[in-house]
1. Among residues belonging to the stretch 10-35 that are at pLDDT below 85 and farther than 17 Å from THR88 by Cβ, point out the one that is surrounded by the fewest Cβ atoms within 10 Å (Cβ to Cβ).
2. For the stretch 69-93, which residues satisfy the criterion of being among the β-branched types (Val, Ile, Thr) and modelled with pLDDT under 80?
3. List, please: which pairs have Cβ atoms under 8 Å, are six or more places apart or on different chains, and start with a residue in the stretch 105-120 that is more than 11 Å from LEU141 (Cβ to Cβ) and end with one that is assigned to a helix (DSSP H, G or I) and small (Gly, Ala, Ser)?
4. Give the residues of the stretch 94-134 that are at pLDDT below 90 and of a type in the set (Val, Ile, Thr), sorted by residue number.
5. Taking the condition crowded, with 16+ Cβ neighbours inside 10 Å and at pLDDT below 90, does THR66 pass?
6. Looking only at the stretch 47-60, filter to residues that are surrounded by 17 or more Cβ atoms within 10 Å (Cβ to Cβ) and either over 23 Å from TYR135 (Cβ atoms) or in contact with a helix residue (DSSP H, G or I) (Cβ under 8 Å, 6 or more places away or on another chain) (or both); which one of those is modelled with the lowest pLDDT?
Amino acid sequence: MLMPLKSRLSQTDAAYLAGLIDGDGHIGLHLRRTNHSRLGYTFQPRVEIASVNEEFLRTIRRLIGTGCWKTRNRGFKSHRPVFHLTITAGTIRWMLPLLVPHLRLKREQALCVLEHLTLVKKGRHGHNPRSEELYKRMKLLNLRGRDL
């Protein structure tokens with residue numbers, strides 16, 4: 001079993017992970033439908049790193065100490081599978097504060113996710129009125145496509 005390495009994550013590793021997430025990663029706050037909430041939904045923070053190189057992502061997973069593994073659709077304009085390493089709330093709580101000083105492109109997304117995590121109980125995805133605003137902000141920050 002992999003154990004969190006928060007105490008052993010060096011500044012160099014934190015900077016490397018931040019660059020990796022800035023380039024090939026995603027930081028988001030996702031709306032999840034659920035029957036366990038009066039509102040019918042909660043917000044789930046997530047950090048994801050994608051690559052066509054499976055062994056590379058396995059190395060990153062060992063560095064972080066945790067993460068969910070998925071193989072998704074074929075890569076863009078190729079037929080190679082794309083591998084995704086998904087990092088959830090428990091790891092995000094200790095990892096993102098270490099990465100924020102090194103993030104350039106996704107710093108604002110990271111700050112929104114960290115703010116959401118301070119608003120909800122530890123170990124839960126949760127909901128807070130401010131989370132609605134953060135979710136809408138994240139949607140705008142992560143918007144892709146033509147010039148806005």
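The values are calculated or read from the model by the stated rules, or taken from the named source; none is laboratory data. Owing to the predicted nature of the structure, the values given are computational and were not obtained by experimental measurement. FYI the Cβ positions are ideal-geometry reconstructions off the backbone, even for glycines, and counts take in every protein chain you see.
1. Per the criteria, the residue is ASN35.
2. THR71
3. HIS116/SER131; LEU117/ALA89; LEU119/SER131; VAL120/SER131
4. Selection gives THR118, VAL120.
5. So THR66 fits the description; yes.
6. Result: SER51.
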